[in-house]
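Single-structure report; data block below.
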Amino acid sequence: MNYQDIVNQQRQFFNSNATKDVSFRIKQLKHLKKIIQNNEELLYSSIYADFKKSSFETYVTELSIIYHDIDLALVKIKKWAKKRKVSTGLANLPGKSYIIPEPYGTVLVIGAWNYPYQLSLCPAIAAIAAGCTIILKPSEIPSHTSSALTQLINQNFDPLFFRVVEGGVTETSNLLKIKFDKIFFTGSPSIGKIIYQAAAKHLTPVTLELGGKSPAIITKDVNIEMTAKRLVWAKFLNAGQTCIAPDYVMVESCIEDQLLTAIKNHVIKADYDVNHHNYTQIINTKNFDRLYNLIDQDKVYLGGNGNLKERTISPTILKDITFSDTIMQEEIFGPILPILSFDTIEEVISNIKTLPKPLSCYVFTRNKSVKNKILNEISFGGGAVNDAVMHFTEQSLPFGGVGNSGIGSYHGKYGFEAFSHYKGILQKPFWVELNLKYAPYTQKKLKWLKRIIG
Ligand code: NAD
């Protein structure tokens, strides 16, 4: 069956209004949860086959997030989907105003490879909650996880409602020729531009969850041990292949040496090794080569070792880095952490502002005015104070980028909103009418109108 036929059939199903029924959505969400629970072993083994991701990390960073998203949607869906009454201005009284959340329709979700389950399924969960029908195109790069997702969804869901389409550039390009009612894309800024252009041809709304260089700024007054511990976990999780991993560190120069020592100690303590099931492989040799070439061996403070056969790069810390180094010219997306030092916070802000707006920004400080200055003056998607990455797990926070790092957001109710149109309705009774707006226009009517509508 060609893609256009699949979309046509889904649209027909959407137009039957079956998905408008909240109990239908609840049933589908519960069904999805059951399927995942019953197939956890397949999900663990597939992701391990792709890049040796351990079941521990897979549960913590993929499955638990999917389960939380489903559970939250199940609790909140009735509230999110409800018609919302809002206030009505004097000119329209005694009318009433309300907002009706309306599912966009037939949507396309395109996933990235680095967290292949949750980056595909969490947007799909939001789309189900909102009442859309879904075509999901997971990343083709982790081929085992892509086929596991296809098997689980396509064998257990009606294709009229939810279907996975596997493929790479050719298949995605063909899908993008079709008119969807919404496209939700996770991936790189460069491919994001291709998606945006394709969507523009049909005036299709988009959410673009992109990447970038996310800084971690550390001032002299921090708890150095705790800062290093949190940074090391956030950076080397998934071997640095995390869109919101701290891409680089800017540390106040007077504590640089202490921070480097603390980071080194925490890396040693964690004992990262694929064979210990606490470190993943680099996804493919193309990325291995790209990352390995980014390491300036003259600036290696720790690590710097690559093993092409194992497709691993040891946790690597680079020091004495400046904004003109090669490593500062692109998103790293791997286990290499450059450390830059600074003397004034103004210098930090002006340097970060020369780069595209980051997806995340982390500030480690006890200084309230420094914290406020960074939060107020740097534009970025979202972030954390005295931690890194964990803001992603807060379902009450919108997750998304700004500028080069993305358009729109999701998680929790923001995910529901990403797949909904909010229809604003004014409802009037017949029994009364303010006649002032009708012709013939007179000065007297205008005077009264000014009083009423201002
Ligand atoms: P990518 O942009 O290469 O691929 C993403 C998706 O686009 C895949 O499904 C792929 O098949 C498809 N694709 C690739 N080339 C295409 C083309 N020419 N035309 C149409 N579709 C195409 O990204 P990736 O390598 O999978 O992921 C890494 C990037 O994603 C990083 O920049 C990272 O920061 C970002 N990312 C962002 C988030 C987020 O939530 N904001 C999460 C994960 C990754």
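The values are calculated or read from the model by the stated rules, or taken from the named source; none is laboratory data. Please read all numbers here as calculations on a predicted model, not as lab measurements. Using ideal geometry, Cβ is built from the backbone for each residue, glycine included, and neighbour counts are taken over all protein chains shown. Note: areas computed on protein heavy atoms with side chains; ligands, DNA, RNA excluded. Shrake-Rupley method; radii C 1.70, N 1.55, O 1.52, S 1.80 Å.
When the Cα positions of Tyr248, Leu340, Met328 are compared along the charge dipole of the range 215-396, Tyr248 comes out farthest toward the positive end, with charges on each C-beta of Lys, Arg, Asp and Glu. The translational diffusion coefficient of the range 344-390, from Stokes-Einstein at 10 °C and 1.306 mPa s with a Kirkwood hydrodynamic radius over alpha carbon pairs, comes to 145 µm²/s.
At a probe radius of 1.4 angstrom, the accessible area of the range 215-396 per residue rounds to 42 square angstrom. Take the alpha carbon atoms of the range 297-346, find their center, do the same for the range 1-25, and report the distance between the two centers in whole angstrom. The range 297-346 and the range 1-25 have Cα centres spaced 48 Å from each other.
Candidate cross-link partners of Lys193 among the aspartates and glutamates, defined by an alpha-carbon separation under 15 Å and a same-chain spacing of 8 or more, comprise Glu209. In the range 39-133, the C-alpha radius of gyration followed by the widest Cα-Cα span (Dmax) gives 19.3, 65 angstrom. For the chain, the mean residue ellipticity at 222 nm estimated from helices alone is -12500 deg cm²/dmol, where every DSSP H run of n ≥ 4 contributes -39500 (n - 2.57) and the total is divided by all residues, rounded to the nearest 500. Seen from every direction in turn and averaged, the convex hull around the alpha carbons of the range 6-81 projects onto 6.5 nm². Residues of the range 72-101 with the amide nitrogen closer than 19 Å to a label point 7 Å from the Cα of Lys34, along Cα-to-Cβ, please. Backbone N within reach: 72-75.
For the pair Leu426 and Asp71, a Förster radius of 41 Å applied to the C-beta separation gives a FRET efficiency near 0.70, rounded to the nearest 0.05.
By the compact-protein rule of thumb, 2.2 N^0.38 Å, the alpha-carbon radius of gyration of the range 286-407 corresponds to a ratio of 1.17. Under the convention that each Lys and Arg Cβ holds +1 and each Asp and Glu Cβ holds -1, the size of the dipole of the chain around its Cα centre is about 3160 debye.
Here the range 69-142 is assigned +1 on the Cβ of each Lys and Arg and -1 on the Cβ of each Asp and Glu. Its dipole about the Cα centre then comes out at about 580 debye.
Could you check what % of the DSSP bridge pairs in the range 215-396 are antiparallel, to the nearest 5? Roughly 20 percent of the DSSP beta bridges within the range 215-396 come out antiparallel. Beta bridges from DSSP with both residues in the chain: antiparallel share about 35 percent, rounded to the nearest 5.
For the set Asp71, Asp325, Asp257, Asp158, solvent exposure ranked by accessible area (probe 1.4 Å, protein chains only) runs largest to smallest as Asp257, Asp158, Asp71, Asp325. The calculated FRET efficiency for Asn284 paired with Asn223, based on their beta-carbon distance and R0 = 60 Å, is about 0.95. One decimal place: the segment Val169-Lys79 gains 28.5 nm when fully extended, by the rule 0.36 nm per residue minus the C-alpha distance.
Indicate the gyration tensor shape class of the chain (rounded, prolate or oblate), computed on the Cα atoms with a ≥ b ≥ c the square roots of the eigenvalues: a/c under 1.5 is rounded; otherwise a/b larger than b/c is prolate and the rest oblate. Here the chain falls in the oblate category. Our summary gives the range 215-396 a relative contact order of 29 percent, counting only alpha carbon pairs under 8 angstrom and 6 or more residues apart. Here Glu346 and Thr88 are evaluated by their C-beta separation; at R0 = 56 Å the FRET efficiency comes out at 0.70. Local charge for Glu62 was computed over the other residues whose Cβ lies under 13 Å away, with Lys and Arg +1 and Asp and Glu -1, and equals -3. When Rg and the Kirkwood radius Rh are both evaluated on Cα atoms of the range 21-65, their ratio Rg/Rh stands at 1.12.
The alpha-carbon of Lys444 sits under 27 angstrom from the alpha-carbons of these lysines, leaving out residues fewer than 8 places away in its chain: Lys428. Placing a pseudo-label 7 Å from each Cα along the Cα-to-Cβ vector at Ser379 and Gln151 gives an inter-label distance of 4.6 nm. Other residues whose C-beta falls under 11 angstrom from the C-beta of Leu318 contribute a net charge of -2, scoring Lys and Arg +1 and Asp and Glu -1. Ranked from largest to smallest solvent-accessible area, with a 1.4 Å probe on the protein heavy atoms, Glu41, Glu394, Glu417 come out as Glu41, Glu394, Glu417.
Separation of the range 229-273 and the range 26-87, taken as the distance between their Cα centroids, equals 29 angstrom.
Can you tell me how the range 92-186 classifies by the Cα gyration tensor, rounded, prolate or oblate, using a/c under 1.5 as the rounded cut? Since a/c reaches 1.5 and a/b is larger than b/c, the shape of the range 92-186 is classed as prolate. Charges were assigned to the Cβ only: +1 to each Lys and Arg, -1 to each Asp and Glu. The resulting dipole of the range 215-396 about its Cα centre is roughly 380 debye.
Of the two radii for the range 363-454, the radius of gyration is 1.31 times the Kirkwood radius, both from the alpha carbons; that is the Rg over Rh value. Pairs with C-alpha atoms separated by more than 19 Å, drawn from the list Lys33/Lys83; Lys83/Lys413; Lys235/Lys269; Lys96/Lys445; Lys213/Lys269; Lys83/Lys423, are Lys33/Lys83; Lys96/Lys445; Lys213/Lys269.
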